[in-house]
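Novice: Mind looking over this structure? Questions follow.
The values are calculated or read from the model by the stated rules, or taken from the named source; none is laboratory data. Small disclaimer: the values here were computed from a predicted structure and weren't measured. Here the Cβ is made from the backbone with ideal geometry for all residues, glycine too, and neighbour counts use every protein chain on show. The accessibility values were calculated without ligands, DNA or RNA, using every heavy atom of the protein model including side chains. Shrake-Rupley method; radii C 1.70, N 1.55, O 1.52, S 1.80 Å.
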Amino acid sequence: RTLDCTGRTIMPGLVDAHVHFMYHEVSDNWSIEVAKPVEEAMLDATLNAALLLRRGVTSCREVGTRGMISIVLRDAIAAGRIPGPRTKASKQIISVWGGLGDFHPTHVFKREQYLPALTEIITGPWEARNAVRQQVKDGADWIKCEASGTGFNPLCPADRDTMSFEELKAIVDEATEKNRPVACHAESKGAIIKASRAGVKTIEHAVYLDDESLEAVLEAGCAICPTLGLYSAFAWEGADTGMPPAVVANHQRSEEHTSELQSRLHLVC
């Protein structure tokens, strides 16, 4: 078969290392996991997987979803039932009380009252280990956890440390025993240091990276997945897409640090 590619560009398939298939018209913590039933989130994920493939992404790593969405989607793509990139799937993000995934005010409803959520809340090393065991049983390729807040959560901003080192280390140790790598959402300086020393394979975002935390990353030999374009888009276009002012302000504070982060990463490379 011959294809006429005159005036076009041929390139290898792209790899996206930080994907949340279910995100569609996401503006705040409510829209991420409460505004839609999980069935609608699954539909969004299926459509987004096909869109990624059309855009040239042929392989990806899914780093956090509600319930079993990414695992079911991964298997359906591999079986040729639906279009999408080859996928390494995570399950729910392992989080802590008052952390990244404890999204809603306590007086509204308690975190355990709704499932499936984007995150799984643990307390202490043994609950951390049990969460990993369950996710491996369910077929996760990667374990995703968090060690800092996020701009999407006004109750836990990106520069706040969350999970303890002991909990992080338990996650990594259990995942390593099960031959699973760990990706860690770590935006704050302290989170980057703790996650690196705990032995995670990748640091997601690393917004508040400085010389001390960069040394910890280099010493541990883990990789940084910075998602630089994400913060610029949220900071300067978020209001136009309906993001609440508090969420936009959080992202703008993070975006102020991304140019410095980019410079540090260039120096390392």
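Novice: With the condition kept exactly as written, say whether any residue in region 110-120 is under 18 Å from the mean Cα position of the chain (by Cα), modelled with pLDDT under 95 and open to solvent by 20 Å² or more (accessible area, probe 1.4 Å).
Specialist: yes
Novice: Consider only pairs whose beta carbons are under 7 Å apart and that are at least six residues apart or on different chains; among these, list those whose first residue lies in region 235-256 and is without any contact (Cβ under 8 Å) to a residue 12 or more places away in the chain and buried (at least 21 other Cβ atoms within 10 Å of the Cβ) and whose second residue is among the hydrophobic types (A, V, I, L, M, F, W, C) and in a helix (DSSP H, G or I).
Specialist: Cβ pairs passing all conditions: none.
Novice: Which is surrounded by fewer than 18 Cβ atoms within 10 Å (Cβ to Cβ) and of a type in the set (Gly, Ala, Ser), of GLY139, GLY149?
Specialist: On inspection, the qualifying residue turns out to be GLY139.
Novice: Can you name the condition, by its number, that LEU43 falls short on among (1) touching a strand residue (DSSP E or B) at 6+ places or on another chain (Cβ under 6 Å); (2) open to solvent by 40 Å² or more (accessible area, probe 1.4 Å)?
Specialist: Of everything listed in (1) touching a strand residue (DSSP E or B) at 6+ places or on another chain (Cβ under 6 Å); (2) open to solvent by 40 Å² or more (accessible area, probe 1.4 Å), LEU43 misses just condition (1).
Novice: On the given criteria, is PRO125 at pLDDT 95 or above and crowded, with 20+ Cβ neighbours inside 10 Å?
Specialist: In short, no.
Novice: Over 24 Å from TRP30 (Cβ atoms) and under 14 Å from the mean Cα position of the chain (by Cα) - does that describe any residue in region 96-107?
Specialist: Checked against the condition, which is being over 24 Å from TRP30 (Cβ atoms) and under 14 Å from the mean Cα position of the chain (by Cα), region 96-107 yields no hits at all.
Novice: Would you check which residues across region 129-160 are among the hydrophobic types (A, V, I, L, M, F, W, C), at pLDDT 95 or above and out of contact with any Leu (no Cβ under 8 Å at 6 or more places or on another chain) and list them?
Specialist: Result: ALA131, VAL132, VAL136, ALA140, TRP142, ILE143.
Novice: What residue, among those in region 57-81 that are over 16 Å from the mean Cα position of the chain (by Cα) and among the basic types (Lys, Arg), is nearest to ALA186 (Cα to Cα)?
Specialist: ARG74
Novice: For region 209-234, what are the residues that are open to solvent by less than 50 Å² (accessible area, probe 1.4 Å), in a loop (DSSP other than H, G, I, E, B) and not acidic (Asp, Glu)?
Specialist: Result: LEU209, CYS222, PRO226, THR227.
Novice: Sort out which residues of region 152-178 are open to solvent by less than 60 Å² (accessible area, probe 1.4 Å) and of a type in the set (Phe, Trp, Tyr), and write them in order of number.
Specialist: PHE152
Novice: Which residues, taken from region 189-217, are among the polar types (S, T, N, Q) and either at pLDDT below 95 or out of contact with any strand residue (DSSP E or B) (no Cβ under 6 Å at 6 or more places or on another chain) (or both)?
Specialist: SER196, SER213
Novice: Now for a separate question. Is it true that some residue in region 208-223 is free of Cβ contacts under 8 Å to residues at least 60 places away in the same chain and in contact with a Cys (Cβ under 7 Å, 6 or more places away or on another chain)?
Specialist: No.
Novice: Out of all the residues in region 209-260, which are under 30 Å from PRO181 (Cβ atoms) and of a type in the set (Asp, Glu)?
Specialist: Once the filter is applied, which keeps residues that are under 30 Å from PRO181 (Cβ atoms) and of a type in the set (Asp, Glu), region 209-260 yields ASP210, ASP211, GLU212, GLU215, GLU219, GLU255, GLU260.
Novice: How do the pairs read when you match residues in region 1-20 that are in a loop (DSSP other than H, G, I, E, B) with residues anywhere that are open to solvent by less than 100 Å² (accessible area, probe 1.4 Å) and modelled with pLDDT of 90 or more, using Cβ under 6 Å and keeping only pairs 6 or more apart or on different chains?
Specialist: From residues that are in a loop (DSSP other than H, G, I, E, B), the pairs are GLY13/THR58; HIS20/GLY64.
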